[in-house]
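Visitor: The structure that follows is given in the form of structure tokens.
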Amino acid sequence: MTELSDSRRLSISGMSCAGCVATVENALTGVPGVEEASVNFAEHTATVRGAVATAALIAAVEQAGYGAAELRGAQDESAKEAGEFAHYRRLLRKFTVAALIGAPLMILEPFGLMPHLDAPGAFPFWLAVGAASLFVLIYAGGHFFSGAWKTFRGHNANMDTLIALGTGSAWMYSMLVVLFPALVPSDARHVYFEAAAIIIALINLGQALEMRARGKTSEAIKRLIGLQPKTARVVRDGREIDIPIAEVGLDDSVRVRPGEKIPVDGEIVDGHSTIDESMLTGEPMPVEKKVGDPVVGGTINKSGSFLFKATRIGADTALARIIELVRRAQNSKPAIGRLADRISAVFVPAVLIVAVLTFLAWFNLGPEPKPAYLLVTTMTVLIIACPCALGLATPISIMVGVGKAAEYGILIRNGEALQQAGKLTAVVLDKTGTVTAGHPTVTALVALPGFDEQSLLAIAASLEVGSEHPLALAILEAAKGKGVALLPVTGFEAIAGQGVRASVAPPPSPSPFEGEGRVGGSPYWVLLGNLALMRRENIDVAALEAKAKELAARAQTPMYLAVNGKAAGIVAVADPIKDDSQAAIARMHALGLKVILLTGDNRATATAVAGQVGIDEVLAEVLPEDKVRQIEALQARGEIVAMVGDGINDAPALAQADVGYAIGTGTDVAIEAGDVTLMRGSLHGVPDAIAISRATVRNIKQNLFGAFVYNIVGIPIAAGALWPFTGLLLNPMIAGAAMAMSSVTVVSNANRLRWFRSK
């Protein structure tokens, strides 16, 4: 039975220009069952999604005139890389052979050191030159002709078509002049053997240089793959043995010694250490780890030896997911890239039409010798017009930009997010865990007469048992630290966005509250929550409001406690602001962004936090389900909005925003929550991501501008637009060199992003 899968990557061979991208994508999307197909011209790969047999995909690509092979793992990637290096060496050999034959002809011809066609004994010489240049076309340029034939059979045209037509027509015309000179007017008896050879040489050199430069763009992926060790030391039957990492099973016990890389994800069961997680988070400082803490494959054990239980292996590890996310993003296309692909798809046919029109114009309007002029201009149009640079302009920058972001601990899910991030006008920040540390602590206990602080803490902690809310955890930690005994709770009810209500059994005598029940007395009905809850339940908190405002002004969250319908006091919790939040927000302002705080916390606390870090606008006391509406309202005002949150409870708002930034800490990192995942817990990741995005989009625009200008200016000059004014025509060899170097220029410009440094 044929194996089916939802998504797979193919290595595509034979692609020579951007026009090939549309041809291969159309071939793949035409296979029944394919939901989406994306071809990366820079990487020469295709990513296909859908329940379809791999064999059917490969057959479709081959029928379109190209080659394909599935990429399943690191071994296939290595084989692809080795194959590309071998192709690079072949291109250099072909360049050398073509240059050795073409260069002497090009050097000797201007000095009149080669015999005239009509000179005695010239025929054998030119016949030998024709044979040598034919050898160049076959050996050094054969892949252009075979590629042109394959695409022609598939009713397509690409760069190979242009090169084959240009150099082939030059050689055929030259041989016609040598063999049958009488058929050509005397003024047109020129040969272009050296032009055909040198054009082939220069294009091979350009492709070799382009391939070498392209290889550097995928270094981020290579580094990530290189982070994973090849073996793991597992404990089996009481013995420690080294096995290949692929053989590590779930729940295996794995030993890691100082200086070693952690092979897979897991949880420490024995020992403690400090671990360098910079590959995951970008943070240089090692992290303390003890029993029960998670560890991530690919990170480096710095000090102690420990034993951990494998909880994720193979493609499920955080590192494998990161590699897949980066690879998927590198293959994705923003709108600007899809536009370039659409243009490229019709570019080659358009060039062929321009070449025919050039031929006809010189045939009907050109001076004598018409055959020579129309051949030179038509050939030059075909050679210079190749859209390689246009096809490389977007994907090559995306690959480098996404890889650079990964080095900063920023995972960009798609090219669209990369493009949109450069246009942002506003950044909306969640408060807890984003601007603040997300680890609140109890900072104050305010008891009204008749109550005491210890009792407030006891009942508040009893209510919060089992809750995962950060404020609840802070209260429980405070109770634990003070040795407060918890009380039995029944009838627990959570009131969304306001607090909790429950019945608390009375403790042994004496009562925690003066004048309240004894052993065997009635339970206390207790409310713990914000001011809205107190008002809803008609609790008089006038005696506490001044203190609550004072606490809120200091960025502390006051939670009211009421017992049996009477206000009892306040439990105040503060979530400390992260050390670098203020600096990160200042960087956002420097990028011209409006910064908005969006929180469910009370307005006074939110305003206090905003004031400390320099936030422009506060949207407070917003229920979780209303956060989406707040994002929509900002978008309706014309803002292009980024939402920054923890990636789980903020998921709807992250999805609604133009770009969602999920702040992830730990191994799960909420990868699927936003368009961009910030592996560090720091807000600095946001301006870093925006700066990288803007630099990448700027680089794409530079590449597209260069590629478009090159073709828009080059084609008319090649067709002879300057001839009526200056009497100058573009030499086909110069056209070949310019075409080859345009792609190298685009790739080199994209690689400048590798030197990007965040300020």
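The values are calculated or read from the model by the stated rules, or taken from the named source; none is laboratory data. Nothing here was measured: the structure is a model prediction, and the numbers come from that model. Note that we place each Cβ from the backbone using ideal geometry, even for glycine, and neighbour counts take in every protein chain shown. We work out accessible area using only protein heavy atoms, side chains counted, and drop any ligands, DNA or RNA first. Shrake-Rupley method; radii C 1.70, N 1.55, O 1.52, S 1.80 Å.
Visitor: Taking 0.36 nm per intervening residue step and subtracting the Cα-Cα distance, what contour gain separates Arg629 from Val465 on full extension?
Guide: That pair, Arg629 and Val465, stretches by 55.8 nm at full extension.
Visitor: Can you list residues whose amide H is under 5 Å from Ile313's amide H, if they're 5+ apart or on another chain and H is modeled 1.01 Å from N?
Guide: none
Visitor: What does the highest-first list of 536-544, 680-688, 226-234 look like by mean Cβ count within 10 Å?
Guide: 680-688, 226-234, 536-544
Visitor: Taking Lys549 as the anchor, which aspartates and glutamates have their alpha carbon closer than 16 Å to its alpha carbon, excluding any fewer than eight residues away along the same chain?
Guide: Result set, ordered by chain and number: Asp540, Asp601, Glu621.
Visitor: May I ask for the angle, rounded to the nearest 10°, between helix 159-179 and the longest principal axis of the chain, with both axes built from Cα atoms and the value confined to 0 to 90°?
Guide: It is inclined by approximately 10 degrees.
Visitor: Okay, next question. What residues have an amide H closer than 5 Å to that of Ile640, excluding those fewer than 5 places away on the same chain, when H is modeled at 1.01 Å from N in the peptide plane?
Guide: Thr425, Ala426
Visitor: A follow-up question, please. Setting aside same-chain residues fewer than 8 positions from Lys370, which aspartates and glutamates have a Cα under 18 Å from its Cα?
Guide: Cross-link targets: Asp187.
Visitor: In whole Å, how far is the Cα centre of region 146-185 from that of region 425-493?
Guide: For region 146-185 versus region 425-493, the Cα centre distance is 81 Å.
Visitor: Determine the per residue accessible area of the chain with all protein chains present and a 1.4 angstrom probe, expressed in square angstrom.
Guide: Heavy-atom SASA per residue in the chain reads 43 Å².
Visitor: Among Ile203, Gly706, Trp525, whose Cα sits farthest toward the positive end of the charge dipole of the chain (+1 at Cβ of Lys/Arg, -1 at Cβ of Asp/Glu, about the Cα centre)?
Guide: Farthest along the dipole direction, towards plus: Ile203.
Visitor: So which lysines can Lys261 reach, going by Cα to Cα under 16 Å and dropping same-chain residues fewer than 8 places off?
Guide: Hits, sequence-local ones excluded: Lys230, Lys289, Lys302, Lys309.
Visitor: Quick one: helix 685-719 against the long Cα principal axis of the chain, what's the angle to the nearest 10°, folded into 0 to 90?
Guide: The angle comes out at about 20 degrees.
Visitor: May I pose another question? Given the -39500 (n - 2.57) contribution per DSSP H run of 4+ residues, what per-residue ellipticity at 222 nm results for the chain, rounded to the nearest 500 deg cm²/dmol?
Guide: Calculated from helices alone, the mean residue ellipticity at 222 nm is -16000 deg cm²/dmol.
Visitor: Give the peptides 361-369, 560-568 in descending order of average Cβ contacts within 10 Å, highest first.
Guide: Taking the mean over residues of other Cβ atoms within 10 Å, the ranking is 560-568, 361-369.
Visitor: Hey, if we sort Ile58, Ile203 by accessible area with the 1.4 Å probe, largest down, what's the order?
Guide: Ranked list, largest accessible area first: Ile58, Ile203.
Visitor: Could you give the C-alpha radius of gyration of the chain expressed as a fraction of 2.2 N^0.38 Å, taking N as the number of residues it contains?
Guide: Scaled against compact globular proteins, the figure is 1.28.
Visitor: Separate question: Is there a quick way to get the dipole size of the chain? I mean about its Cα centre, with the Cβ of Lys and Arg at +1 and of Asp and Glu at -1; what is the value in debye to the nearest 20?
Guide: Using Cβ point charges on Lys, Arg, Asp and Glu, the chain gives about 1780 debye.
Visitor: Give the carbon-plus-sulfur fraction of the accessible surface of region 586-740 in %, rounded to a whole number; probe 1.4 Å, heavy atoms of protein chains only.
Guide: 61 percent
Visitor: Rg to Rh ratio, region 59-153, alpha-carbon atoms and Kirkwood radius?
Guide: Radius of gyration over Kirkwood radius for region 59-153 works out to 1.18.
Visitor: Hey, what do the phi angles of region 88-101 turn into as Karplus ³J(HN,Hα) couplings, whole Hz, using 6.51/-1.76/1.60 and θ = phi - 60°, x for Gly and Pro?
Guide: Once rounded to whole Hz, the list reads 4, 5, 5, 4, 5, 5, 5, 4, 4, 4, 5, 5, 5, 8.
Visitor: Post the alpha-carbon centroid distance, region 702-754 to region 582-611, in whole angstrom.
Guide: If we compute the Cα centre of each part, the gap is 48 Å.
Visitor: What are the ³J(HN,Hα) couplings of region 299-310, residue after residue, when phi is run through the Karplus curve with 6.51, -1.76, 1.60 and θ = phi - 60°? Round to Hz, x for glycine and proline.
Guide: Residue by residue, region 299-310 yields 6, 10, 6, 8, 10, x, 9, 8, 10, 9, 9, 5 Hz.
Visitor: Let me know the charge dipole size of region 79-143 about its Cα centre in debye, to the nearest 20, where only the beta-carbon of Lys, Arg (+1) and Asp, Glu (-1) is charged.
Guide: The calculation lands at about 340 debye.
Visitor: Same structure, new question: For the peptides 577-585, 697-705, what is the packing order when you average, over each peptide's residues, the other Cβ atoms within 10 Å and list the highest mean first?
Guide: So the peptides 577-585, 697-705, ranked by packing, come out 697-705, 577-585.
Visitor: Please work out the FRET efficiency for the pair Ala82 and Phe152, using the Cβ-Cβ distance as r and a Förster radius of 30 Å; give the result to the nearest 0.05.
Guide: That gives a FRET efficiency of 0.45.
Visitor: Projected onto the charge dipole of the chain (+1 at Lys/Arg Cβ, -1 at Asp/Glu Cβ, origin at the Cα centre), which of Val746, Val622, Ser78 gives the Cα projection farthest towards the positive end?
Guide: Val746
Visitor: Which far-off residues, 5 or more places away or on another chain, put their amide H under 5 Å from the one on Leu71, with H placed in the peptide plane?
Guide: Arg9, Leu10, Ser11
Visitor: If you don't mind, there's one more thing I want to ask. Under the Karplus relation 6.51 cos²θ - 1.76 cosθ + 1.60, θ = phi - 60°, what is the ordered set of whole-Hz ³J(HN,Hα) values for region 617-622, x standing for Gly and Pro?
Guide: Coupling constants for region 617-622: 9, 10, 10, 10, 6, 9 Hz.
Visitor: Any idea which of Thr54, Leu486, Val595 is furthest toward the positive side of the dipole for the chain, if Lys and Arg beta-carbons carry +1 and Asp and Glu beta-carbons -1?
Guide: So the residue furthest toward the plus end is Thr54.
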